There are 2 protein chains.
Amino acid sequence: MRASRRGEDLPASPIRRLIPLAEEAKRRGVRIHHLNIGQPDLDPPPGVLAALREAHRERLAYAPTRGLPAVLDAWRAYYREHGVELAAEEIMVTAGASEALTLALRTVCDAGDDVLVPEPFYAPYKGLAAVADVRLVPVPLGPGFAPPAVADVAARVTPRTRALLLSNPNNPTGTVYGRDDLAALGALAVERGFFVLADETYREIVFDGPPAPSALAVPGLEEHAVVIDSVSKRFNVCGLRMGALATRNREVMEALLRLAELRLAVSVVDQLAIAGALAASRPYVDTVVAEFGRRCDAVAAALARLPGVECHRPAGAFYVVARLPVADAERFAAWLLGDFALDGETAMLTPMADFYATPGRGRDEVRIACVFDAATLTRAVEVVGAGLAAYAGSTN
Amino acid sequence: MRASRRGEDLPASPIRRLIPLAEEAKRRGVRIHHLNIGQPDLDPPPGVLAALREAHRERLAYAPTRGLPAVLDAWRAYYREHGVELAAEEIMVTAGASEALTLALRTVCDAGDDVLVPEPFYAPYKGLAAVADVRLVPVPLGPGFAPPAVADVAARVTPRTRALLLSNPNNPTGTVYGRDDLAALGALAVERGFFVLADETYREIVFDGPPAPSALAVPGLEEHAVVIDSVSKRFNVCGLRMGALATRNREVMEALLRLAELRLAVSVVDQLAIAGALAASRPYVDTVVAEFGRRCDAVAAALARLPGVECHRPAGAFYVVARLPVADAERFAAWLLGDFALDGETAMLTPMADFYATPGRGRDEVRIACVFDAATLTRAVEVVGAGLAAYAGSTN
């Protein structure tokens, strides 16, 4: 018995294609620097661990579909710190940003609708769009990964356009959309009648300025903005699945809740684990942001020493995009795992073709996740550099 | 801005329609017996609480998409106790049975496919089918809520039929499918080429016999059986979201994993909380099952004393279906909350029309969840009885 066609057609992620090679390398005793996954090595806020210590005292009953009242209050306090006043009915708790995106795409789009997305973008948006039966319409970021020009977005709007999906700051490029950028894109959304789905998972992780402004703070966008959120990155708790959806559009929130009812509720333990930390997220988050800044700087500096490599210091998030002097970055990433080691070490990179919807783009790019200390990252980039030198001389 | 059509069309559950009335009754000081939700008041296994006490020591990193190896091993040990040998690649961890159903329907069915479902069935199957873009084709259960006759199932098979979705034991009727029932339905599935999606959430909760047999234990059904599982009911941990998918069909499992990758992983804390209890689930579960048997007996006995009420003692799960002497059970349920109290008490019932796909069926039926001790349940049924007497004399 075969799976469904839509089940078979769903693409495997490039990382998944590389995992068997990584496992094989580990069996050979090679140490792998995992630059491929956005999972930092930092400790969570003390409040998260304190809450987990008390978790066994909780009644393990279904939470309300929207979330536990105490956790909704904590999200409200958190948004208030970021200058956004929300009513409890304007927020719901989700199992991470992934679930929030799944719920949001289905709730604002019908099958066959178009969703504009600045590229490169977080690669799983492709699969999430496929599951929602919507088409991603890419809009190139500007020079130096700047926010896309409004005219470039406007040129792609059709009657089927239902949403603009952006992440702010952007994974993988670190692009930060400022108030003016959001206001200009928001004005277009209002004029042409589409939603702005803003994935603000990396909100605070901005290196030379204040946190990225929320789409919820843009005047006039009340009916159009739907914010996707997650604490995974700002609290270094990827293993908890804790996110949120926030919108002032009551019809959208009602539909989101009807859809979310089908999964009944989100884990009460995960919810309670983050409530205290959410309501008082600084100065923990400030420390984390400073550390990510140092790490990205170290990676950018190490990459700058490699011949033929171009890279861009990101303004936010914690990834560095590098253009490598290779024709096919996925093949090089596979070669690094399968055929290369420097003193028993190699590195796992994320090839970036899947971060684009435009065929052919990004084939020579990789994403480096700055998830270790600066010295380890510097060494990892040196390993990549040695790999590039050896690869150029190989028959590949 | 309106939500999508599919977002607006998704039906609200009948319970959700009743919640505002329940909240209003509570504001008036009325005590509500919540017979409407399958959330027992029993304590979880000690192993769950012990594991939660240690949760703050865990690294809160993404689990593998399939689940933590230790938890997959615990599921294997659990299935082995139930006579089913599974490889680690034949199981994946899910966020409860709800996520397992969502993933399974999309992975075995394409849009527009038919799914046969014995009715009455767990009402959220309707919304889950809508999200998967499949059509539920109801097959009536036999007399006394017996498993459906194979001929009745066969008569509804068409070229669009991709699956039979059954819950064993069945929520809401407690119907238990024995080995012969599963073998006969399985033979039809193999002959006509459709999957058997077996929701075995209530597996052990069978009152006068061994646990319900798993579809994974039916010879010849290796390629066709996909089992949906959850620990919510057997461990009284509805607040954790912990379930599983198990199938020996490798293509289906590969497609399930590609789909599950989009949500990255399931909470590590919830996963670790259940591992120990899963690997040694008895005698805890035996105690729980005995208690549910006493509760269902108490409810059936109390209902038998009410004039004009028909009910059926369930063979498993922990619900009792009652036919009431009213034309519209939803209207009666609303009246109980909005217009009735006996000594300051009333009851919240689940009207059953939404448990049927056939229009008009179940309109005089309610589901009673036996989730309190026998004395409380007996009192709650007496309150319902007093309500019925008053309702008959009212102008409704």
Fill in: the range A:3-15, residues that are assigned to a helix (DSSP H, G or I) and either modelled with pLDDT of 85 or more or open to solvent by 60 Å² or more (accessible area, probe 1.4 Å) (or both)
A:Arg5, A:Arg6, A:Gly7, A:Glu8, A:Asp9
Item to complete: Filter the range B:324-379 down to residues that are of a type outside the set (Asp, Glu), part of a helix (DSSP H, G or I) and more than 19 Å from the chain's Cα centre (by Cα), then give me how many there are.
Response: 15
Practice prompt. With respect to A:Val226, determine if the residue is open to solvent by less than 10 Å² (accessible area, probe 1.4 Å), in a loop (DSSP other than H, G, I, E, B), among the β-branched types (Val, Ile, Thr) and out of contact with any Gly (no Cβ under 8 Å at 6 or more places or on another chain).
Written response: no
Worksheet entry | Residue list for the range A:78-124, filter: part of a helix (DSSP H, G or I), away from chain B (no Cβ under 14 Å), open to solvent by 30 Å² or more (accessible area, probe 1.4 Å) and touching a residue at least 40 places away in the same chain (Cβ under 8 Å) | A:Glu81
Worksheet item: Of these, B:Phe340, B:Phe332, B:Phe372, which one is at negative phi, open to solvent by less than 10 Å² (accessible area, probe 1.4 Å) and of a type in the set (Phe, Trp, Tyr)?
Response: B:Phe332
Item to complete: Return yes when B:Ala151 is surrounded by fewer than 16 Cβ atoms within 10 Å (Cβ to Cβ) and aliphatic (A, V, I, L, M) and no when it is not.
Response: yes
Worksheet entry | Given (1) over 30 Å from B:Ile37 (Cβ atoms); (2) open to solvent by 50 Å² or more (accessible area, probe 1.4 Å), index of the condition B:Arg135 fails | (1)
Worksheet, complete the sentence: Counting only residues that are touching a residue at least 12 places away in the same chain (Cβ under 8 Å), facing chain B (nearest Cβ under 7 Å) and among the charged types (D, E, K, R), the range A:245-262 contains a total of 1
Worksheet, complete the sentence: Of the candidates B:Val137, B:Val153, the one satisfying the condition of being β-branched (Val, Ile, Thr), part of a strand (DSSP E or B) and modelled with pLDDT of 95 or more is B:Val137
Practice prompt. Kindly provide the set of residues from the range B:300-323 that are buried (at least 16 other Cβ atoms within 10 Å of the Cβ) and not in a loop (DSSP other than H, G, I, E, B), ordered by number.
Written response: B:Ala300, B:Ala302, B:Leu303, B:Cys311, B:Gly316, B:Tyr319, B:Val320, B:Val321, B:Ala322, B:Arg323
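For every residue, the table says whether it meets (1) under 24 Å from B:Val289 (Cα atoms); (2) touching a Leu at 6+ places or on another chain (Cβ under 9 Å).
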position	(1), (2)
B:Leu42	yes, no
B:Pro46	yes, no
B:His56	no, yes
B:Arg59	no, no
B:Ala63	no, yes
B:Arg66	no, yes
B:Ala70	no, yes
B:Asp73	no, no
B:Ala87	no, no
Fill in: Within the range A:146-204, tally of residues that are acidic (Asp, Glu) and in contact with a Phe, Trp or Tyr (Cβ under 9 Å, 6 or more places away or on another chain)
1
Response to the item:
With the first residue restricted to the range B:193-219 and required to be touching a residue at least 40 places away in the same chain (Cβ under 8 Å), and the second required to be of a type in the set (S, T, N, Q), Cβ contacts under 6 Å at 6 or more apart or on different chains are B:Phe194/B:Thr161; B:Asp199/B:Ser167; B:Thr201/B:Ser230; B:Ala212/B:Asn168
Fill in: All positions within the range A:214-244 that are within 10 Å of chain B (Cβ to nearest Cβ) and polar (S, T, N, Q)
A:Ser232, A:Asn236
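Condition check ((1) away from chain B (no Cβ under 14 Å); (2) at pLDDT 95 or above; (3) out of contact with any His (no Cβ under 9 Å at 6 or more places or on another chain)) across all residues:
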residue: A:Gln271; (1), (2), (3): no, yes, yes
residue: A:Ala277; (1), (2), (3): no, no, yes
residue: A:Ala280; (1), (2), (3): yes, no, yes
residue: A:Pro283; (1), (2), (3): yes, no, yes
residue: A:Arg294; (1), (2), (3): yes, yes, yes
residue: A:Val299; (1), (2), (3): yes, yes, yes
residue: A:Ala302; (1), (2), (3): yes, yes, yes
Discussion item. If B:Ser167 satisfies all but one of (1) away from every other protein chain (no Cβ under 13 Å); (2) of a type outside the set (Lys, Arg); (3) on the phi > 0 side of the Ramachandran plot, what's the number of the condition it fails?
Written reply: (3)
Fill in: Residue, surrounded by the fewest Cβ atoms within 10 Å (Cβ to Cβ), within the range B:16-60, restricted to residues that are of a type in the set (Gly, Ala, Ser) and within 27 Å of A:Val269 (Cβ to Cβ)
B:Ala50
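The values are calculated or read from the model by the stated rules, or taken from the named source; none is laboratory data. Bear in mind the structure is a predicted one, so any value in this text is a computation, not a measurement. Every residue, glycine as well, gets a Cβ built from its backbone with ideal geometry; the counts of neighbours run over all protein chains shown. The accessibility values were calculated without ligands, DNA or RNA, using every heavy atom of the protein model including side chains. Shrake-Rupley method; radii C 1.70, N 1.55, O 1.52, S 1.80 Å.
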